[in-house]
Structures are given as structure tokens and as C-alpha cells.
Amino acid sequence: MSFMQIKDLCVHYPIRGGFFNRVVDHVYAVDGVNMEFEKGKTYGLVGESGSGKSTTGKAIIGLEKITSGSIIYEGENVTNQRRERTSAYNRDIQMIFQDSHSSMNPRKRIKDIIAEPIRNFLKLSDQEENRRINELLAIVGMPEDAKYKYPHEFSGGQKQRIGIARAVACNPKMIIADEPVSALDLSVQAQVLNFMKDIQQEYGLSYLFISHDLGVVKHMCDHISIMYKGRFVETGRREDVYKNPQHIYTQRLLSAIPNIEPSTRIARKAERQGVEAIYQTEQHKYYDENGKVYALKQLSSTHSVAMSTQDKGGN
Ligand SMILES: Nc1ncnc2c1ncn2[C@@H]1O[C@H](COP(=O)(O)OP(=O)(O)O)[C@@H](O)[C@H]1O
Ligand SMILES: [Mg+2]
């Protein structure tokens, strides 16, 4: 059972121009997106830069204005509650960013950074707050004296841990993680991902995990949606998407994952060329005459793909 549903989410930005600075067009950053989040599970949102992933995450949490659509949280329509600082929704859904540095006030000590949501939502005594901060630092594997330091005194990986400590401070239900490891070295990436998995298991957390890299989300996600120009081209369980990708865009992203195994390199090169050939000749199956992504069609109870209906089944 999902605890949260996103229905037909749209975020359209007006483009102004001309003599009267009128609205001449729109950027369809998010254009009719549906999602369901389950307790303790990770939902991967993947697509190249500019496809609308961050806008989706920010719209869900209330940092971006929704043009249309709705957000249902535990059976309640919270679409217009997302900006109320003290609402349960705001407490339960937290976000971490690729560049945690820019979301931290450089003049604040770590203890005050981690305490932000606590002061917003929990109203603890100084002593209780101090105890909770120590506990949170222990959870993310940081020494207690970190709390008297400033953000610049920490490495990228450590800052991500501090960002996670702040995000989990009030026992959230879900964390929206927007490219949480993209700025980190490969070795540190694995550490942070493993750590995110650990705290997920321990606290039954759900993640909306945003990434441009299908390789990164592969081991994290239960369900994956592939986004292109504000729409989903494919959505399914991890096995559906990795073992049986149906949309050419998904296949292209998969064939672009760098492979470490030298023995498969030649086969992968041939696969990549095959995908490119299909992309050149059969685009009409995947995009309409305006280059727009088709509506999703259900292939199974868990797997949907955006394809022209004309090419399904018939020929
Ligand atoms: N405030 C804004 N005004 C106008 N266009 C925007 C704004 N924010 C994002 N966009 C556009 O919306 C699209 C999606 O952006 P974004 O969600 O950041 O993509 P992603 O996170 O997948 O890289 C892009 O074309 C981007 O240029
Ligand atoms: Mg982004």
C-alpha cells in the first residue's frame, strides 16, 4: 500500500517576451507525472539534465509552485499545505541536495544546522535537543565534537552525512534525495549509498532518489521512472526497467552505463550501436511528430511505457 500519491503533476514556467513582455510560451518542466510511494521503498527518478527531475522533487516538497495536479498524503489532499512550515507533511517529507553545502548556512555551527527542523517541529528543551543532536551525529557516523564546527571544515561525503542527519532529525517518512552522491568521488559515493540503505532499513524510510545515472540507482531502487522532457517514458519495477527496457530512451541510457568488465566491452559496443540504429530509424514509435513523448501504456501491473499505439500488437 502506498502512503503517498502524486497525480497528474504539472509545473509549467511561463516564458515572457516581445514588446509587451507577455507570456509567449511555457517550459513544460513537469508535464503530467504520476507516482506512488511505499513505506520503506526507494523510488528512482532518472533522466538526463533538464528532464524535470529536480522540479518534480521541489514541487512535491513545496519549493516549486504546482501548475496543476495533486498530492495525496496518507489519504489527505495536501497539495496546498506544502508551504506551511509546521504542517505534518512538512515534518514527514524532507529533502537532501546534491550540493549540501549550499543548503547550509556557512556561518552556522553544525549543531544549529542539524537542529533547524527540531526547532521547527519538536520544541525540545536545550538539554533534550543536545541529546538528540548527539544521537543524530552517532547515527550518521560523525564524532560528537563535529557539532561545534562549521560546514567548510568537512569533506563532501561528511557534509552529505550532516545533511542526512538534519533530514532525519524529526523521524521523517520520506526523504527526497536529489543527486545526493553526484558531487562525490566514486569511493565515497558507495559509502554514502550504503549508509542511506542502512538507515532506510533501520527506520523504514522511503526515498525518492533522483539521479541522471541509471548505474547509480540500480542497486538502490525498487521502482524506477525514466523522465524525458517533463514526462515519463517508462516506469516499472527495477527488474522491468533493467531486464526488459521497452522505450528507446531507456535503452539508450542503459547502453550508456560505463562497464567495468573488459570481457563484455565488445558486446556492449555492439549493443550500443544496435540501440542507436533503432533510434535513428524508429523514432516515430517513441515520439510523435512534434517530438513529444506519448502517453504511458500499461504492459503489466507494474510496467508501463510511452509508445505509439499504432505499433503495438498490430504489425
Ligand atoms: N525557474 C525556472 N524558470 C524557467 N524554467 C525553469 C526553471 N527551473 C527549471 N526550469 C527548466 O525546467 C526544465 C527542467 O529543469 P530541472 O527540473 O532542473 O531538470 P533536471 O533536474 O532533470 O536537470 C529545464 O528545461 C529547466 O531549464
Ligand atoms: Mg536536477
### Message
Just to confirm the number: angle between the C-alpha axis of helix 186-203 and the first principal axis of the chain, 0 to 90 degrees, nearest 10?
### Response
70 degrees
### Query
If Lys and Arg each add +1 and Asp and Glu each add -1, what is the summed charge of the other residues whose beta carbon sits under 10 Å from the beta carbon of P172?
+1
#### Entry: ³J(HN,Hα) computed for each position of region 229-243 - Karplus, 6.51 cos²θ - 1.76 cosθ + 1.60, integer Hz, glycine/proline x
6, x, 10, 8, 8, 7, 8, x, 5, 3, 5, 4, 6, 7, 9
#### Entry: Average accessible area per residue (Å²) across the chain - probe 1.4 Å, nucleic acids and ligands excluded
52 Å²
### Radius 15 Å from Cβ of D222, net charge of other residues (Lys, Arg +1; Asp, Glu -1)
+3
## Note on the structure
Pseudo-spin-label distance A190 to E74, built 7 Å along Cα→Cβ, given in nm, is 3.9 nm
### Query
Summing -39500 (n - 2.57) over the DSSP H runs of n ≥ 4 in the chain and dividing by its residue number, what mean residue ellipticity at 222 nm do you reach, to the nearest 500 deg cm²/dmol?
-10000 deg cm²/dmol
### Query
Mind checking the angle between helix 265-281 and the chain's longest principal axis? C-alpha axes, 0 to 90 degrees, to the nearest 10.
60 degrees
### Task
Kindly give the semi-axes, whole Å and largest first, of the ellipsoid equivalent to region 112-180, taking each as the square root of 5 times a Cα gyration tensor eigenvalue.
18, 16, 10
### Query
Under 16 Å from the 7 Å Cα→Cβ point of H219, by amide nitrogen: which residues of region 181-196?
181-182, 184-196
## Note on the structure
Here, T309 and E116, labelled 7 Å along Cα→Cβ, have an inter-label distance in nm of 4.7 nm
### Förster radius 45 Å - calculated FRET efficiency between N290 and T86, Cβ distance, rounded to 0.05
0.50
### Query
Which loop trypsin sites (Lys or Arg not before Pro) in region 29-120, with loop taken from DSSP, have no more than 14 other Cβ atoms within 10 angstrom of their Cβ?
K39, K65, R83, R85, R107, K108
### Query
Roughly what angle does helix 126-139 make with the longest principal axis of the chain, taking Cα atoms, 0 to 90 degrees, to the nearest 10?
40 degrees
### Task
May I ask you to list the residues of region 211-226 whose amide nitrogen lies under 18 Å from a point 7 Å from Cα along the Cα→beta-carbon direction of R268?
212-220
### Query
Share of the chain's accessible area from carbon and sulfur, percent, 1.4 Å?
48 percent
#### Entry: Amide proton proximity set for A183, modelled H, under 5 Å, gap of 5+
none
### Summary
Once both label points are put 7 Å beyond Cα along the C-beta direction, the R131-D8 separation in nm becomes 5.0 nm
### Spread of Cα-to-Cα distances over 10 Å intervals beginning at zero, given as percent, for the chain
6, 24, 31, 23, 12, 4, 0, 0
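The values are calculated or read from the model by the stated rules, or taken from the named source; none is laboratory data. The shown structure was predicted, so the numbers you read here are calculated from the model rather than taken from an experiment. Cβ: placed from backbone, ideal geometry, glycine included. Neighbour counts: every protein chain shown. For accessibility, only protein heavy atoms count, side chains too; no ligands or nucleic acids. Shrake-Rupley method; radii C 1.70, N 1.55, O 1.52, S 1.80 Å.
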